[in-house]
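What follows is a short report on a single structure.
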Amino acid sequence: MGLENKGPDRADRVTPGGIAFPGTSLENRTGSWRLMRPLFETAPSPCHAVCPAQENIPDYLSLMARDEPRRAWEVLVSDNPMPAVTGRVCPHPCETDCHRGRFDAPVSIHSVERFLGDAALREGWPYPAIPPLGEDKVAVVGAGPAGLSCAYHLRRQGIRVSLFDQFPEAGGTCRIIPDYRLPSLVLSGEAERILGLGITFYPGKKLGRDVSLEELEADYAAVFLSPGRQRSRAFSVAHSVPANLHHGIDLLWTWKNVGALPRWDRVVIVGGGNTAIDLARTLLRTGTGEVHVVTDEEIPVDRESQKGWPMPAIAREVGLAIGEGVRIHAGRSIGRLLLREDRVVGVELVHALKELEAKSPVHRAFPGTETVLEADQVIPAVGQDLDSEGLERLLKSRDHLAVSNDGRVEGNERIFAGGDAVPGGGLVSAAIGSGHRIALKIGALLRGEGPSAVPALVPLPYSGLNLHYFDHGSSYEPMERAPGARNGFDEIETTGSSDLIRAEADRCLSCGHCLECDNCWVLCPDGAVLKTAGFGNLPVPYLFDYEYCKGCGLCARECPSGHIRMVPEE
Amino acid sequence: MRDILEGSEAIARAVALCRPQVVAAYPITPQTHIVEGLARLIADGLLDAELVSVESEFSAASVVLGAASAGSRSYTASASQGILLMGEVLYNISGMRVPVVLTCANRAVSAPVSIWNDHQDSMAVRDSGWIQLYCADNQEAVDTTIQAFRISERVELPVMVCVDGFTLTHTLEPIDLPDQAQVDRFLPPFRFTRKLSSEHPFSAGTLVSPDFFTEMRYLQHAAFEQAAREILSADRDWSGIAGRSCGGLIAVEGDREAPTGILVMGSVFGTLLDAHRSGDLGRPVRLIRLRSFRPFPTEALRKATEGLAALVVLDRSLSPGSGGIVSHEVRSALYGLPSAPRILSVAGGLGGRDLRAESFRTMLEGLDHAGEWDLRFADLDPDRLPKADSAPESLADAAPKSTNPFPEKE
Amino acid sequence: MASASDPGPVDLAELRAAQPRFSGLESGHGACQGCGQALAARLVLEAAGPDVIVANATGCLEIFTTPWPLSAWNVAWIHSLFENVAAVASGIEAALKIQGRNTKVLAFAGDGGTFDIGFQALSGMLERNHDVLFVCFDNEAYMNTGIQRSGSTPLGAWTTTSPAGKTRQGKRHLKKDLLTIIAAHGIPYAATASVAYPSDLRSKVRRALSTEGPSFLLLHSPCPLGWGHDSSLTIAVDRLAVESGLFPLLELARGQVIGRMAIRTVRPVREYAELQSRFGHLLADSPEAHEGLEHLQAIADANIERYGLLASGPEPRDSEGADTVRRGGTRWA
C-alpha cells in the first residue's frame, strides 16, 4: 500500500486501521454553515472624510510607514498636487478628527504631508499618471490653489488647459503668506511643477481687462473661475477714515513684492484672520515696535469652553504670534478712532462679543467698558471681496458668484467657479479640493457623461476600531525655532527626518483601511482567510475562501482597523 | 544452545533475540522476572532497546501502541489485573491493526486476591481482537514468542503469548535457546506499512461512521483467518530452522484413536501427558491441546475430535453464571455434527489449585455420568463451603474459628 | 462605502497551497464556529512545523478533525484513547529515539484528557523525561460530551453537571492548579498560553520544542458553545481571561517562574463573566451570586499577587508586545 497515494477509492473502501489522508477535509465545504458573510470593506477614515482636499490619508501614511515615500507621494498627489504647501499652511482638521487623538495623540499628518512634498521637490519626482493631451480645451481663470488644482486635475484627464492670472506669477493669495510659514520657493516649486505639465499659462492677463468672459466661452469648451478675493473691504469707524490708511493685505503684497515695509512705533491691526496674524508677525520682524491685534472674536484655544466666535486665523499660528510678542486684544472692538487731524493717535477699545445666533454671527459691543490704546497706525485686515471686473454678467447684483452644488455658476452650463470666489472658501486645502472636484465635473461634461453622485464620506466611528492591538507610544513633535530665534523669515517649523516621519506614519491606526497586519489570516479558526502576498500580484492582501468560512465573525471583531464587515447571507 | 533456565529468563532471552526496539512494562507478579531479564540484557548492552518503565499497565500497552505505530518492534508483558487494566488499549491496538507481542503470565483475577495461576486474565480479553497462543512448556514459550513476532507483523494483529504464571514463568527447565542467526533468518526486520512518519503523513485512529464500521470490523475478523494460516506456517518454518514444532493450532497426543478425550490449554498438558504415560488416567484417552484460542480453529478442532464419543474440556477460568468459556466454544464448534461427542465442562486449576493425575481420573469418571450441559468444578471440596443452612446473620457470626488462613491439608 | 477592489477570478486552491505558513490543520474540519481549540491547534502546528508526529487524545479536536475518510491534519497524527495520549506519545518518542529520527512528538489533549483521566499517564511521561511537548487545550469542561464539569472547570461555572439552581451557584470546587502540579515535576519548560495572544503562544511552542526533554503547554481555548458566548468573541473573551488575572500567562523552567505576561490594565472579572452565559447566574442580584462573583475576583486578584502580574509605568501593553499588530504582518514572522 503506497501511503503517498491517496487512491481513488478511499472514500468508498475501508482502510486497515481506518487511516485517513492529509488535508482531505477540504472535501467538507463548511462554508454552507454560514449565516453571516465577512467582507473586506474599506471605510472612510475620519481624516479622509474631513480633509478639504479629500486626501486619501491612510493610504499614503501606510506607504510612508513601509518606507516607500515616492509611492506615498504619488498617492498623495493623485488628490492634492501641492502637498509641500498644504503641509505647511493647512490647519489640518485631519489631525483634529484623527481617532488616534482619542487613544493617545493624533498622527502628525501634516508633517508627513510636507515631508513628502519636500522630498518630491528635492528629488524632482514627476507627477505620475499624466496622459497625452487630447483635443478638449478648458480655460481656468486665477492661478491660485483652486485654479492650479483644477488645471492639474484637468490635465490628468488629458484635457488642454489655458490658465490666466492677473499677476506675473502663479500662486494666488498663497503668495502673500510670509516665508517663515511658507517659503516662496516651496510655493513656486509646486506651482511650476504643475505648469510644467503642458499647461498654457497666461500671466498678467486679468479678466475684464485683458480677456473677456465671452472670449473664453467662445474659445474653450468650459471655463473655471477661481479669481479669489482681491479687493479689500472698505474700512471706517463711525464714518471716520484715517488719511494714511494701509490695508493689511496690501502691506503683505508690498512686503513680498518690494521687500520693505514702513517701521511704525505702535500698530493696531483690526481683524482676527490669517491676514491679521501674518501681518502682525511680519511687522514685528520688519522693525515695528509694538503690534496689537484687535478682534471681537476669541483666541482659538480650548474652544469647547468658549461662548464667542473664534478667530478664523489658524489656531497654531495665533499661539506662535502671541509667543513672538504680538498682543492680541480678543473680545474687543474699536469704538472710535482717536485722530489728530486725520492721523491716528490711538483707538478706543470696547468689550465686544461675536456670538453665533441663528446660523450667523451677531456682533455685540458693551458701552461703559471702553479703554484707550495709543497707536500711530491702524491697519484693517477685515477681509476681501470679489473683484467684480469682468464678472458683471454673472454677478448681477450680488457680491459673490452663486454656484450650484456641482460647481456651475447658476444659469451657465459651461462656466464653473470655485476657491475663495465662492462662499465657503478660506482654506488653501479647500481651494485645492474645490479645483479637484470641479475638474472632474468638467471632465465628465466634456466626455458627455451624466452627473455622477459622489456620496458623502461617513467616517468609521471610533468604536469601529479594535484598540487592543495598538500600543501607546510617543508621537512626533515637529521641530520649531524658539520664539527668541524667530526674528527673520526662516521657516519656524522644519521638515522631519525620514526615520521620524516613517515612524510617525506608522502610528496611523489605518481606520477603515487594511493594515495588512495578518490578524484575520492568523486568527481564523477555519483557515478561511488566504493571504495573497507573492501570489500573482493580486490587488488585495487577503481573500476570504467562502467554501470554508463558517461566518463566525471573529475576523471582523478582531480586525484592528475596522476593515471587515459582516453581512447576512442571502 | 541448551541451558537450564527459569522460564521468565528464557522468554526474556527469546524476546531479545527478536530485537525489539521498545519494551514497555509495569511490574506485576508473576510477569516481573521476564521484564527484569530484559532490563538486565539492556543494562548489559546485550539488547539495544528503549525500556520504558511506565506508571501502569494501561500506559505499557499505550507505549507499545505508540512505539509500534512509529515503526519500532515493540513488546510488553503483564498478567491478571494488569491485563484487565490494559483492556481498553488491547481493543484499540487490535482495531488499529498494530503489530505488538505481549506475554501474559497467566494469573487469576481478583477478587478474591490470588497471585497464582489460572487463565481468567487472558480469557477476560478474549474478544479484544488479539491472537492468543497458549504454551505447554517453556521451550514452547520461547519458540512461540519468536513465532509471535512474525505472525503479528505479517497479519498486522497483536499477539498475546499466554504462559502459565509460576508454573512456567518461575520454573527451571532445560531450554534450547536458538542462536541469533536462526532467529534473524526466521524473522525479518519490522517494516510497518502504516508507520507514522512526517514524510508521508496520515491520520490513524479516526472516527468511523455506521456506514463503514461493519466493514472495518469485518476486516479485523477476516485477518484472523489469515492469522490461522500464518500460525501454521510460522510453526512449520520455525521447526525447519529449530527442529521443533509447537503444535500448530491444535495438537493431539495420547491414544489418538480412543473414543474418550480431554482438551486442555497451557502447561497442564504436561501433567496430563505424564498421567497418561504412567497409566494413571485408567483408560485410553485422546489428549487434545488447544494452542490457538484466537483464532479459534474450528475446522482443526473438528478433525481433532473426530470419532470421539465423549470429551472433557478443562477450563482454567470461569464465566460465572454461564460456565467454562473454552468448553462453550468447543461445544459451539462441534454443534450440529452428526457424531459430535458428549462434552463435560470442567472448571479446574483455578487460582493456582494443583491438578493431579487423580483430578483427571475423576473428570473422566464424571464423564460417564454427565449430562449434556453439566459443569463440574475439579477437586471441589464441599467441606470447605459454608453450610447451606448457616448463612451468617452478621459479620461476627462469620468470623473464622481458626486464626490460620491457610490450614494444612490432611 | 467602497468595497475592496475585486481581485477577479483567483484559483483559491492554488492560493491555499501557496500560503506562506505551514498549515498543520486544514480547512474543512467540523469545529463549531469560532472554536478556540481549532485555532489553537493550527497555531501550535504553525510554530511546530511539518516534522512532527501528533498523538491526540479523544475529544472535540479528535472528532471534528477526523471523520473517516476525511482528515483535517496535514501532519502525521494518531488517536488512540482518551486517557493514554501521554503514553502513546511516550512510545512514539521512544521509537523515534531508538531509530535515530529527529521528528518532534506532540501530545494533544483537552482538559479532561489532561487534568482528569489522562493525568496519570501525563505525570508518568514527565517523570520519564520523554522529549514530548504536551499541549492541553483547556476549554474548562467536557465539551465533546455536552459540557460536563471537569477538574479544570472554574469555580462557579455552569455546566450540565454543575448546574446553577436554587441551592447551587455552578461548580462548587476550584479549578485544579495543574500548572503547579506540572511544575512540581521539575520539567525543563512549562508554560500557559492563550489564543488571544497568538504570537506569544507560538513563541512558547518554539521554546518548548527547542528544549530537550518534556515540556508542557496549558493553552486556554474558549469554547463558544460551552461557555455561552458569541462565536465572534472567542479572542475577546480569552483576552479578558488574561487581563482579569484569571488565566495568567506564565513560563516556568524547572518549576521556577521565569516569564510572566504583565497586565497593564487589569480588567474586572465581571467583564469576563458578562460575556459568557456559563457565569450568567453570578450576575444576578442575590447575596449568593454576589459572593460567587467576588470569589472569582478574589482568585484573579490572588493570581496577580502570586505571580506579580501588574505592569507599571508606560510599558507596552504586555510583556512582549505580543498582542500588538504591525503593519504588514511582521509580528507573525
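Relative to the longest principal axis of the Cα atoms of chain B, the long axis of helix B:80-95 lies at roughly 50 degrees. The string of couplings for segment A:191-201 from the Karplus curve (6.51, -1.76, 1.60, θ = phi - 60°) is 5, 5, 5, 5, 4, x, 7, x, 8, 7, 9 Hz, one whole number per residue in order, with x for Gly and Pro. Of all lysines in the structure, the ones whose alpha carbon falls short of 27 Å from that of C:Lys176, not counting any fewer than 8 places away in one chain, are C:Lys166, C:Lys204.
Working note: Cα atoms of chain A, range along each principal axis, descending, whole Å: 117, 54, 47. Taking the Kirkwood radius as Rh and the Cα radius of gyration as Rg, segment A:234-384 has a ratio of Rg/Rh equal to 0.95. Amide H contacts of B:Thr103: B:Thr76, B:Ala77, B:Ser78, B:Val161, each under 5 Å away and 5 or more positions distant or on a separate chain (H built 1.01 Å from N in the peptide plane; Pro and chain starts excluded). For segment B:208-295, the list of trypsin sites (Lys or Arg not before Pro) that fall in a loop by DSSP and count at most 13 other C-beta atoms within 10 angstrom reads B:Arg256.
Short-range pairs are left out: with C-alpha atoms under 8 Å and at least six residues apart, the relative contact order of chain A is 22 percent.
Bridging of A:Lys359 to lysines at a Cα separation below 18 Å is possible for A:Lys307, once same-chain residues fewer than 8 apart are set aside. Give me the Debye-computed log₁₀ of I(q)/I(0) at q = 0.13, 0.17 Å⁻¹ for segment B:1-95, equal point scatterers on Cα only, no solvent, two decimals. Here the Debye-derived log intensity ratios amount to -0.41, -0.70.
So how do A:146-159, A:310-323, B:263-276, A:444-457 stack up, highest first, on mean other-Cβ count within 10 Å?
Numbers: A:146-159: 26.6, A:310-323: 19.9, B:263-276: 23.4, A:444-457: 11.1.
Ranked by mean Cβ neighbours within 10 Å, highest first: A:146-159, B:263-276, A:310-323, A:444-457.
Ratio of Rg to Rh for segment B:250-383: 0.92 [Cα atoms; Kirkwood radius as inverse mean 1/r over pairs]. Among the residues of B:187-200, the average count of other protein chain beta-carbon atoms within 10 Å of the residue beta-carbon is 4. If you average the C-alpha positions of segment A:493-523 and of segment A:419-492 separately, how far apart do those two centres end up, in angstrom? If we compute the Cα centre of each part, the gap is 18 Å. With θ taken as phi - 60° and the Karplus curve 6.51 cos²θ - 1.76 cosθ + 1.60 applied, the whole-hertz 3J(HN,Hα) list for segment A:476-488 is 6, 10, x, 6, 10, 5, 5, x, x, 9, 9, 8, x Hz, x standing for glycine and proline.
Could you work out the mean projected area of the convex hull around the alpha carbons of chain B, in square nanometres to one decimal?
23.9 nm²
For peptide A:536-546, the mean count of partner chain Cβ atoms within 10 Å of a residue's Cβ comes to 4. Helix A:145-155 and the long axis of chain A differ in direction by around 40°, with both axes built from C-alpha atoms. Of the accessible area of chain B, computed with a 1.4 Å probe over protein heavy atoms only, carbon and sulfur atoms account for 53 percent. Between the amide H of A:Val378 and those of A:Val268, distances stay under 5 Å, these residues lying 5 or more places away or on another chain, with hydrogens modeled in the peptide plane.
Ordering C:Ala157, B:Met160, B:Ser278 by the projection of their Cα atoms onto the charge dipole of the protein assembly as shown, which places +1 on the Cβ of Lys and Arg and -1 on the Cβ of Asp and Glu, puts C:Ala157 at the extreme positive end.
Rolling a 1.4 Å probe over the protein heavy atoms gives segment B:250-383 an accessible area of 42 Å² per residue. As a size descriptor, the averaged projected area of the C-alpha convex hull of segment C:137-180 was calculated at 3.0 nm².
A simple charge model with +1 on the Cβ of Lys and Arg, -1 on the Cβ of Asp and Glu and nothing else charged puts the dipole of chain A at about 360 debye relative to its Cα centre. Phi angles across segment B:170-185 convert, under the Karplus curve 6.51 cos²θ - 1.76 cosθ + 1.60 with θ = phi - 60°, into 3J(HN,Hα) values of 10, 10, 8, 9, x, 10, 8, 8, x, 8, 4, 4, 4, 5, 4, 5 Hz, Gly and Pro given as x. For a straight C-alpha distance cut-off of 19 angstrom, the lysines reachable from C:Lys97 (same-chain residues fewer than eight places away being disregarded) are B:Lys195.
Tally up the carbon and sulfur contribution to the accessible surface of segment A:443-499 as a whole percent, 1.4 Å probe, everything protein left in place.
58 percent
Could you give me D for chain C, from Stokes-Einstein at 20 °C and 1.002 mPa s, where the hydrodynamic radius is the Kirkwood radius over C-alpha pairs? Units µm² s⁻¹, please.
Diffusion coefficient, whole number: 104 µm²/s.
Electrostatic bookkeeping for A:Ala170 treats Lys and Arg as +1 and Asp and Glu as -1; over the other residues with beta carbon under 10 Å from its beta carbon, the sum is -3. A 1.4 Å probe run over the protein chains yields, for chain A, 42 Å² of accessible area per residue, whole-number rounding.
Ordering of A:526-534, B:332-340, A:230-238 by packing is A:526-534, A:230-238, B:332-340, highest average first (other Cβ atoms within 10 Å, averaged per residue).
Using a 1.4 angstrom probe on protein heavy atoms only, the contact between B and C buries about 2900 square angstrom of accessible area, both sides summed. With N the number of residues in the protein assembly as shown, Rg(Cα) / (2.2 N^0.38 Å) evaluates to 1.38. In this structure, the amide hydrogen of A:Arg332, modeled 1.01 Å from its nitrogen in the peptide plane, lies closer than 5 angstrom to those of A:Thr295, A:Asp296, A:Glu297, A:Ala352, counting only residues at least 5 positions away or on a different chain. Determine the alpha carbon to alpha carbon distance for each of A:Lys137/A:Lys396; A:Lys137/A:Lys441; A:Lys531/C:Lys104 and list only those over 19 Å. Over 19 Å Cα-Cα: A:Lys137/A:Lys396; A:Lys531/C:Lys104. Relative to the longest principal axis of the Cα atoms of chain A, the long axis of helix A:248-257 lies at roughly 80 degrees.
Surface composition of segment A:234-384: carbon and sulfur make up 50 percent of the accessible area, probe 1.4 Å.
With the highest mean first, a sort of the peptides C:147-153, C:19-25 on other beta-carbon atoms found within 10 angstrom per residue produces C:147-153, C:19-25.
Inter-chain neighbour count for A:504-511: the average number of beta-carbon atoms from partner chains within 10 Å of each residue's beta-carbon is 1. Of the GluC sites (Glu not before Pro) found in segment A:353-443, those that fall in a DSSP loop while having at most 15 other beta-carbon atoms within 10 Å are A:Glu370, A:Glu389, A:Glu410, A:Glu413.
The values are calculated or read from the model by the stated rules, or taken from the named source; none is laboratory data. All values derive from a computational prediction rather than experimental measurement. Glycine gets a Cβ as well: all are built from the backbone with ideal geometry, and neighbour counts include every protein chain shown. Ligands, DNA and RNA are excluded from the accessible area calculation, which covers all protein heavy atoms including side chains. Shrake-Rupley method; radii C 1.70, N 1.55, O 1.52, S 1.80 Å.
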